[in-house]
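The block underneath contains the structure these notes are about, expressed in structure tokens.
The values are calculated or read from the model by the stated rules, or taken from the named source; none is laboratory data. No experiment lies behind these values; they were computed from the predicted model shown. Ideal geometry is used to build each Cβ from the backbone, glycine not excepted, and the neighbour counts take in all protein chains shown. Ligands, DNA and RNA are stripped out before the accessible areas are found, and what is left, the full protein with its side chains, is counted by its heavy atoms. Shrake-Rupley method; radii C 1.70, N 1.55, O 1.52, S 1.80 Å.
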Amino acid sequence: MEQNSFKKGIVDGLPICVGYFAVSFAFGIFAVGQGLTWLEAVLISVTNLTSAGQLAGVPIIAGGGTFAELAVSQLVINSRYSLMSVSLSQKLSGKVKLWQRFIIAFGNTDEIFAVATANPGLVGSRYMYGLIITPVLGWSGGTLLGAVAGDILPAIVVTSLGVAIYGMFIAIVVPQIKRERSAAVCAGIAVALSCAFYFVPALSKVPSGFTIIICAIAAALIAALLFPLPRKEGAADDK
Amino acid sequence: MISKEFLLYLLVLAGTTYLVRMIPLVLCKKKIENRFLLSFLHYVPIAVLSAMTIPAIFYATDSILTATVGFAAAIILAYFGQSLVTVAAASCACVLIAELIAKLF
């Protein structure tokens, strides 16, 4: 069973598009507030398609930081994408060509990755293109609107939109926890670790980009040791 | 309108982000056979999303209290199998209502 419908990709990408619109709206306001023009803000969103990295990058650019500082900040914050790309590589159909991987890689965000891997079977390039294009539009459109018209929305509404992305994460995680006890254990370990990095004074100095990858690797390792997948053909796309 | 300096910054910013995503996706072309590695990769999405959500969601609004309202709404709706859009939108709406109520006091 392989999912390769462009239309299905678009449909699956819609919720991400809506969530991104809300978050990038806030990013647009932030970027202009830091002294960037609306065009610069939109260019950053179109070419990066990542929330945390952009939020960290803009003050460095606006403050005239060094290129090295900018590159290191992105490497640290975005290192989790490497892990996701390895995971996504196993989810792609064998028909996906090398040059198509170069395109799909651009759109491997937290949410697109999560939705793609939540598919029961393998996914093809056309499905991935659909799944990427709607979020890209939402992300760029939201940035543009936030940059040029950020002050038309009351602050309280912008604040409320801040939970949109997390709401989406919860909608992805909770059904899997309901299905598999092992997923619940894995999520529990990840949460405990990320709380430790947040609240334990000695650990809270670690940059948040590092903490996510440390938490994820540790939790997934423990879960893999405790609950290895059943030995069978095509175990990567079980269920 | 766009300075050369900004374009260089943009190149570094977007270039680094792209390379981090592209290199593993292009290099890992073979299907992994190792059972342990497969299990590990199976748990990566849920581990990443869980670590990113908690405790960050509780600091995503003006107060932990209103964020908790949004968190609870999302958990309940997700538990009953609602779609991504519904969960995200309802969570935002609940935070908005909570923020409005909090402003009254």
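Observations
- Within the range A:2-42, the set of residues being outside any helix (DSSP H, G or I), among the charged types (D, E, K, R) and open to solvent by less than 60 Å² (accessible area, probe 1.4 Å) is empty.
- Among (1) without any contact (Cβ under 8 Å) to a residue 40 or more places away in the chain; (2) over 19 Å from residue A:83 (Cα atoms); (3) of a type outside the set (Val, Ile, Thr) - the single one residue A:141 does not satisfy: (1)
- Whichever residue in the range A:193-202 is facing another protein chain (nearest Cβ under 8 Å) and either open to solvent by 30 Å² or more (accessible area, probe 1.4 Å) or among the hydrophobic types (A, V, I, L, M, F, W, C) (or both) and, among such residues, is nearest to residue B:76 (Cα to Cα): A:195
- Residues in the range B:25-78 that are farther than 23 Å from residue A:79 by Cα and basic (Lys, Arg): B:35 alone.
- Filtering the range A:65-80 for residues that are assigned by TED's automatic domain parsing to the domain that holds residue A:23, surrounded by 18 or more Cβ atoms within 10 Å (Cβ to Cβ), touching an Asp or Glu at 6+ places or on another chain (Cβ under 8 Å) and under 13 Å from residue B:20 (Cβ atoms) leaves a non-empty set.
- Condition met for residue A:84 (open to solvent by 20 Å² or more (accessible area, probe 1.4 Å) and either closer than 30 Å to residue A:100 by Cβ or among the acidic types (Asp, Glu) (or both)): no
- For beta carbons closer than 8 Å, sequence separation of 6+ or different chains, a first residue in the range A:190-209 that is without any contact (Cβ under 8 Å) to a residue 24 or more places away in the chain and assigned to a helix (DSSP H, G or I) and a second that is surrounded by fewer than 16 Cβ atoms within 10 Å (Cβ to Cβ) and β-branched (Val, Ile, Thr), the qualifying pairs are A:197/A:206.
- For the range A:152-165, the tally of residues that are open to solvent by 40 Å² or more (accessible area, probe 1.4 Å) and either in contact (Cβ under 8 Å) with a residue 12 or more places away in the chain or not assigned by TED's automatic domain parsing to the domain that holds residue A:29 (or both) stands at 2.
- Looking across the range A:138-192, the residues that are within 16 Å of residue B:90 (Cα to Cα) and more than 7 Å from chain B (Cβ to nearest Cβ) come down to A:158, A:165.
- Close contacts from the range B:1-27, counting a first residue that is under 13 Å from residue A:84 (Cα atoms) and a second that is open to solvent by 30 Å² or more (accessible area, probe 1.4 Å), with Cβ to Cβ under 6 Å and a gap of 6+ residues or different chains, come to B:20/A:82; B:24/A:82; B:24/A:86.
- In the range A:167-185 there is at least one residue that is assigned to a loop (DSSP other than H, G, I, E, B) and open to solvent by 20 Å² or more (accessible area, probe 1.4 Å).
- Counted residues, the range A:43-90 - those being closer than 18 Å to residue B:5 by Cα, more than 7 Å from every other protein chain (Cβ to nearest Cβ), part of a helix (DSSP H, G or I) and of a type outside the set (A, V, I, L, M): 4
- Scanning the range A:96-133 for residues being more than 12 Å from every other protein chain (Cβ to nearest Cβ), open to solvent by 20 Å² or more (accessible area, probe 1.4 Å) and at pLDDT 95 or above gives a total of 3.
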